[in-house]
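J.: Supplied in structure tokens, the structure appears directly below.
The values are calculated or read from the model by the stated rules, or taken from the named source; none is laboratory data. Since this is a predicted model, take the numbers as computed values, not measurements. Note: ideal-geometry Cβ built from the backbone for every residue, glycine included; neighbour counts use all protein chains shown.
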Amino acid sequence: MHKHPDMSPDDMSKNESAKAPIAQSSEHDQPVDVAKLDETFGTEARDEILSTFVQYTPVLLQRLATGIQDRDEKTARDVAHQLKGMSSSIYADELLQHSLAIERVAKTDPVDWTTLQSSLPALEVVYQKVRLYLDTVISIK
């Protein structure tokens, strides 16, 4: 499903060959692959799945920020894992890659809290891009 699970967002931006498949069609320029989502779950389920994502992701982002601020390894690791899964389930590949990179850092021993803290703004930017795109795809109450 995801072509470069072992690359961080920084690695992907440095590796032009990793970017090439993404640029092949305009569908992949979108932060969520709605066509693939529809193919997997059906158009009837799309709004419910995306609404659930929009409802719970801000809560997870806040929990992640709090876990990092409190230097709580388990929370940081677990919430990054949940964000990765939610991103994957809606085919939000860029958000998936950022979540994966954060999860990997949270699993290191010792945890690099400075890297985790500095990664949060980029994660938030990517989430906002996804969220704004979803506003054009579904009617979220």
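J.: Collect the residues in segment 76-99 that are charged (D, E, K, R) and either closer than 25 Å to Val137 by Cα or without any contact (Cβ under 8 Å) to a residue 12 or more places away in the chain (or both), keeping them in residue-number order.
T.: Looking only at segment 76-99, we keep the residues that are charged (D, E, K, R), and these are 77-78, 84, 93-94.
Listed by number, the residues that qualify are Asp78, Lys84, Asp93, Glu94.
J.: Looking only at segment 82-96, which residues are among the aliphatic types (A, V, I, L, M) and either surrounded by 22 or more Cβ atoms within 10 Å (Cβ to Cβ) or over 10 Å from Phe53 (Cβ atoms) (or both)?
T.: Those that are among the aliphatic types (A, V, I, L, M) and either surrounded by 22 or more Cβ atoms within 10 Å (Cβ to Cβ) or over 10 Å from Phe53 (Cβ atoms) (or both): Leu83, Ile90, Ala92, Leu95, Leu96.
J.: Now, a different point. Please work out which residue is nearest to Asp72 (Cα to Cα), limiting yourself to segment 100-141 and to residues that are touching a residue at least 12 places away in the same chain (Cβ under 8 Å) and loosely packed, with under 12 Cβ neighbours inside 10 Å.
T.: Residues of segment 100-141 touching a residue at least 12 places away in the same chain (Cβ under 8 Å): 100-107, 111, 113, 116-117, 119-120, 122-124, 126-127, 129-131, 133-134, 137-141.
When the remaining residues are screened for being loosely packed, with under 12 Cβ neighbours inside 10 Å, the result is 139, 141.
Working: Ser139: 36, Lys141: 33 Å.
Among those residues, the one meeting the criterion is Lys141.
J.: Quick check, is Val32 within 12 Å of the chain's Cα centre (by Cα), under 20 Å from Thr136 (Cβ atoms) and at pLDDT 95 or above? If you could, list the steps in order and put the result at the bottom.
T.: On the way: within 12 Å of the chain's Cα centre (by Cα): yes; under 20 Å from Thr136 (Cβ atoms): yes; at pLDDT 95 or above: yes.
So Val32 fits the description; yes.
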